[in-house]
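Read the figures in this text as sums done on the coordinates, not as results from a lab. Note that this is a predicted model, so its numbers are computed, not measured. Cβ placement follows ideal geometry from the backbone for every residue including glycine, while neighbour counts extend to all protein chains displayed.
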Amino acid sequence: MHLDEYVAQVADALRSTAALGDEQTQKVANALADAATAPIRLALLHALSAATAEITSMLFAAGVPGGPAVTAHLEGRDVRFRVVVADEQPEQAVQDEEATARISLRLPESLKSEIEQAAEREGVSVNTWLIRAARAALAHRGHGWGPPWSGPPWASARRITGWVNG
């Protein structure tokens, strides 16, 4: 996705508004429009990344098989989108893994019921459904996002710093 046309729209709107002022106001607006190009591009990337995180979260909550994750990243000056699907494993392969670990998990009764319903809709056991959900959450982390409910990186304690030339 090319961001240039969207960045240009914001700069043009700033310049058009400044056209109502005197010559000095127009010069300042032109300088601001030029200087704002990189921050506008970054803000658009953040908005698109937040949208992909929300879409991923909705897909995860809807119980879409494979726990797909939608990501956005910069490739040069353009934003590229990607859909990542966690590996699906048949029920038997999940049960026959080399090492089997047991954990005790305390869930609110309402969440347990939702998990059971989701597993039933997909035709798998609760155990398999939980394994797939855990794998999907870990797959999202591998793409720099964390679990779908964590949101984009700038919404957490992590920071993005640096300078973007646009």
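Each residue of region 103-111 was assigned a 3J(HN,Hα) from its phi angle through the Karplus curve 6.51 cos²θ - 1.76 cosθ + 1.60 (θ = phi - 60°); the sequence is 9, 9, 10, 9, 10, x, 4, 5, 5 Hz, with glycine and proline shown as x. The simple spin-label model puts a point 7 Å past each Cα toward its Cβ; for His2 and Asp22 those points are separated by 3.9 nm. Amide hydrogen proximity for Leu3: with H placed 1.01 Å from N in the peptide plane, the residues at 5 or more positions away or on another chain lying under 5 Å are Val79.
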